[in-house]
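What follows is a single structure, written as structure tokens, with notes after it.
Since every read-out is calculated from the coordinates, none of them should be taken as a lab result. Worth saying up front: this structure is predicted, and the values here are computed from it rather than measured. Cβ coordinates were reconstructed from backbone atoms using ideal geometry, including for glycine residues, and neighbour counts include every protein chain displayed.
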Amino acid sequence: MTASAVQPGALAGGRALSRRGTLFGGLCLCCLPTLGRAAESFTLEEVGPGIFVRKGLIADASPENADAIANIGFLIGKTGVLVTESGGSLADGQWLRAEIAKRTPKPVTHVVLTHVHPDHVFGAGAFVADKPVFIGHAKLTEALSARGEFYRSRLIDLLGEDRTGPVVYPTMSVADTAEVDLGDRRLTFTAHGPAHTTSDLSMIDSGSGLLFPADLLFVNRIPSLDGSLKGWLTEIERLKAMGPARAVPGHGPVAVDLAPALADLTGYLTALRDGTRAAIAKDVPIDKAVDSVARDQRDKWALFDTYNGRNVTVAYQELEWE
Amino acid sequence: MTFRIGKTVSSFALGLALATTALTPVAWAAGASDTEQERTARWQEIAKSIFGDRQIAQTDSLVKIEAPARALDAALVPITLTMPKDGQIKAVSLIIDDNPAPYAAHFEFGPAADPAELKLRVRVNNYTDMHAVVETHDGKLYEAKQFVKASGGCSAPMGMSDEEAMKGMGDMRMKFAETQPGKPVEATLMVRHPNFSGMQMNQVTREYTPARYIDKLTVSAGDQTIFTLTGDISISSNPVINFAFKPDGKPIQVAASDNQGGRWQHSFNPPSPTN
């Protein structure tokens, strides 16, 4: 790979700019400073022995950020590398693949697809050539069958086909729990019930004790609900019962103390549940509820105004049939 | 009010109109970038296919259409139709111009209706104008318009298997708001039904799930009709409709059917009209 391909901002931006330059006579100067900032922020932090995580941007997918909005990374075992999250686009995944190559010559043997959302699966295309085991929840294949192409076309609209990449399906499916042994460390996977989505997979690393809950844990960035609100609150209890002290959230800092982070998440989800239930009980229709429920959480979460109304919409549909 | 709906005849005609509109091959342009002129031309074409050569006057008093300027969820866009002139409104149609089947819903009001406010949830597939067209008892048509930004609502997968989505199909609930004697009662009707749009992919077969939607829904107070809804694929899954009616103490009857022969009937007891 060339040096310019090391960072998705640089790689993607270069192509995008030249294409836009042709189309719009170089009028898209707005991208330049953004690209610079995005590229600078793409660094990996070592959060545990042999565990590297890149903090995702607290933003929505855009042509400038190549959908690099999730916390992605990898851990190095004796026998090979396991990618904990592959990235939000082929470009994002290619950046991660290059970063791995800088740190270890070991093969990438496993790539985890933590759930169906595009910011967590479209990086997988960058690892297909490594022929790893792609690990996913037992329900991930059907979720990707239903939504993968839909997400892909949306991402192509934003990033172009070259930077988006294919829909990659799991080759190892986890229905309950499963273990992967990398020689000096074991990874234990748990397939969760409907929560953030219907295909949430978490992982604990025996080497560090770190939990990788993916998007079952949002920190600072407002959680997005796409599975089951009541189910999510149940799965939070299950994560607590697993007993880890530290975790790598799907969005937010690269590593956090689990208990307070789960308490904040529970605070939001509980406010969403109780507020939506109260609205339903008082016959407040959905179009009014989206502006009133969980408002007291507004100062606690980034992107609140973008996602809270949508969360209320999803919660309302779940709870109105109680 | 003394008029009666010629049920059989009008519903057949309306059903046909809905189907025809859905099948008319019109080359829709990309909705987001259309000019006002293009939108107006499209609306005129759709209006002609539904209402023929009848004149449609603009109104800002007979019907108002409220929708979020930008949808939070394109598969569930809440719509409020306000028709404050009691006694004048015979029917209202909702048309989502840029949807694959633009004619989303047609409500024909009966003698037990209070059409002041109607709420429903729809799918929106593109940046689009929405039109509400009311027909008054003297046979005139009036339209109001609202622009909505949303995309992908008709093709958005439901996030569950078809079997799961069809669980409890035909179950219904009705909630009644607190009311005062002599006043109309506000009610919320909830129907379990996936309302498959025909544009959602089946997760197992990877083929499109055939359209299966509530095409007729009649709500009556005793033997007095409140409304008859003719629906289409633009209505969100698990339809919820808020409406108002003039209570006379009799149970509220709901009869629903879908385009694949499903038939369901439920009865609900409204709060007593006297205290």
| note | Using alpha-carbon positions, the gyration tensor of chain B gives root eigenvalues a ≥ b ≥ c; with a/c under 1.5 called rounded, otherwise prolate if a/b exceeds b/c, else oblate, the class is oblate
| Two-site label geometry, A:Ser153 and A:Ala241: point separation in nm, points 7 Å out along Cα→Cβ | 4.2 nm
| note | Length-normalised contact order of chain B, Cα under 8 Å, at least 6 apart, in percent, tallies to 18 percent
| query | When the gyration tensor of the stretch B:104-204 is built from Cα positions, what are the square roots of 5 times its three eigenvalues, in whole Å, from largest to smallest? | reply | 30, 22, 12
| remark: Looks like chain A, by Cα gyration tensor root eigenvalues a ≥ b ≥ c and the a/c under 1.5 rounded cutoff (else prolate when a/b is bigger than b/c, oblate otherwise), is oblate
| said: At 7 Å along Cα-to-Cβ for each site, give me the label-to-label distance between B:Met169 and A:Lys282 in nm. | reply: 3.8 nm
| task | Let me know the longest stretch in chain B that avoids all GluC sites (Glu not before Pro) found in a DSSP loop with at most 16 other C-beta atoms within 10 Å. | result | B:1-177
| Among A:Ala281, A:Ala175, A:Ala68: highest mean-square fluctuation, GNM of chain A, C-alpha pairs under 10 Å | A:Ala281
| Using alpha carbon centroids, what distance separates the stretch B:245-275 and the stretch B:181-241, in Å? | 14 Å
| field | Among beta bridges that DSSP assigns inside the protein assembly as shown, antiparallel share in %, nearest 5 | value | 85 percent
| field | DSSP beta bridges in chain B [antiparallel fraction, %, rounded to 5] | value | 95 percent
| query | Where does each of A:Met203, B:Met190 land when they are ranked from fewest to most other beta-carbon atoms within 10 angstrom? | reply | B:Met190, A:Met203
| query | B:Glu38 label point, 7 Å along Cα→Cβ, cut-off 18 Å on backbone N: hits in the stretch B:120-156? | reply | B:125-130, B:147-152
| task | Please work out whether the protein assembly as shown counts as rounded, prolate or oblate from its C-alpha gyration tensor, where a ≥ b ≥ c are the square roots of the eigenvalues and a/c under 1.5 means rounded, while otherwise a/b larger than b/c means prolate and anything else oblate? | result | prolate
